[in-house]
Amino acid sequence: MLETPQLPGFNVHMTDTAEQTADRHPTLDILKRHFDGKGLRVGTFRDHTMVIVPRDLLHELLMFLRDAPDAAYDFLSDVLGIDYLNYPGEAGRFAVVYNLVSTKHNRRIFVKVLLDPTIDTSGIEEDPALHLPTVTDIWPGAEWNEREVFDMFGIRFDGHPDLRRILLWENYPAHPLRKDYPLRGRGEREAFRVLNRESA
């Protein structure tokens, strides 16, 4: 049985009554057959279905969703990070969400994995708890998306072919989409040397 999340904003519908399964996302039955008892949680929000997966099952589940003919999620539309700092009821501090599309079946599903840091998140120190396997071996186009999540949130993707910052310079002292990073920064903008035509 797929478990249901207790998260704000979710319309939970994962019971086995005929009335409630009639409009259920077709991929959920596929996942239930192959990953029953593996700790998956499912919910819907504004007609979008999200599967919350344990970290150690993430890569296997995403590979399955791409390769299984009745799933065939051949297009990774996006990889995004979320910081749930001070968010009521959330089960993890950070999340990475994979937005998957099946062009064969004309379906979309979201897969989310939750992560909790083990060290202070105000700097750029590497945290062993903020690591995920790369999905560039499944969808090569994930390369830049994963780099952006790393740059903005400090979540590292093991096995990534070129994991380095993509928007900020290499020694930038923070991951600025973390919610403990000040909205106006820490003075980085004020420390720039002003360039003009003569000095450039």
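Just the residues that are part of a loop (DSSP other than H, G, I, E, B) and more than 27 Å from the chain's Cα centre (by Cα), please, taken from the stretch 161-200.
Hits for the stretch 161-200 are Gly187, Glu188, Phe192, Arg193, Val194, Leu195, Asn196, Arg197, Glu198, Ser199, Ala200.
Quickly run through the stretch 82-109 and pick out the residues that are part of a strand (DSSP E or B) and either under 25 Å from Asp36 (Cβ atoms) or over 14 Å from the mean Cα position of the chain (by Cα) (or both).
Of everything in the stretch 82-109, those that are part of a strand (DSSP E or B) and either under 25 Å from Asp36 (Cβ atoms) or over 14 Å from the mean Cα position of the chain (by Cα) (or both) turn out to be Ala95, Val96, Val97, Tyr98, Asn99, Leu100, Val101, Ser102, Arg107, Arg108, Ile109.
Would you call Val79 in a strand (DSSP E or B) and in contact (Cβ under 8 Å) with a residue 12 or more places away in the chain?
yes
For the stretch 147-170, enumerate the residues that are modelled with pLDDT under 95 and surrounded by 13 or more Cβ atoms within 10 Å (Cβ to Cβ).
Result: Leu168, single match.
Going by the structure shown, is Leu167 hydrophobic (A, V, I, L, M, F, W, C) and under 30 Å from Phe64 (Cβ atoms)?
Answer is no for this residue.
Can you confirm whether Pro117 is farther than 27 Å from Arg46 by Cα, assigned to a loop (DSSP other than H, G, I, E, B) and at pLDDT below 95?
Against the criterion (farther than 27 Å from Arg46 by Cα, assigned to a loop (DSSP other than H, G, I, E, B) and at pLDDT below 95), Pro117 does not qualify.
Of all residues in the stretch 120-158, count the ones that are among the hydroxyl-bearing types (Ser, Thr, Tyr) and over 23 Å from Glu60 (Cβ atoms).
2
How many of the residues making up the stretch 92-146 are of a type in the set (Gly, Ala, Ser), under 14 Å from Gly81 (Cβ atoms) and surrounded by 19 or more Cβ atoms within 10 Å (Cβ to Cβ)?
Summing the residues that are of a type in the set (Gly, Ala, Ser), under 14 Å from Gly81 (Cβ atoms) and surrounded by 19 or more Cβ atoms within 10 Å (Cβ to Cβ) in the stretch 92-146 gives 2.
Which members of the stretch 46-73 meet the condition of being assigned to a loop (DSSP other than H, G, I, E, B) and of a type outside the set (Gly, Ala, Ser)?
Arg46, Asp47, Val53, Pro54, Pro69, Asp70, Tyr73, listed by residue number.
Could you grab me the full set of residues in the stretch 27-43 that are crowded, with 19+ Cβ neighbours inside 10 Å and either assigned to a strand (DSSP E or B) or more than 20 Å from the chain's Cα centre (by Cα) (or both)?
Arg41, Val42, Gly43
Which of the residues that make up the stretch 120-160 are among the small types (Gly, Ala, Ser), in contact (Cβ under 8 Å) with a residue 40 or more places away in the chain and either assigned to a loop (DSSP other than H, G, I, E, B) or out of contact with any Ser or Thr (no Cβ under 9 Å at 6 or more places or on another chain) (or both)?
Ser122, Gly123, Gly141
The values are calculated or read from the model by the stated rules, or taken from the named source; none is laboratory data. This one's a predicted model, so the numbers in the text were calculated from it and none came from an experiment. Positions of Cβ are generated from backbone atoms using ideal geometry, with glycine treated the same way; all protein chains shown enter the neighbour counts.
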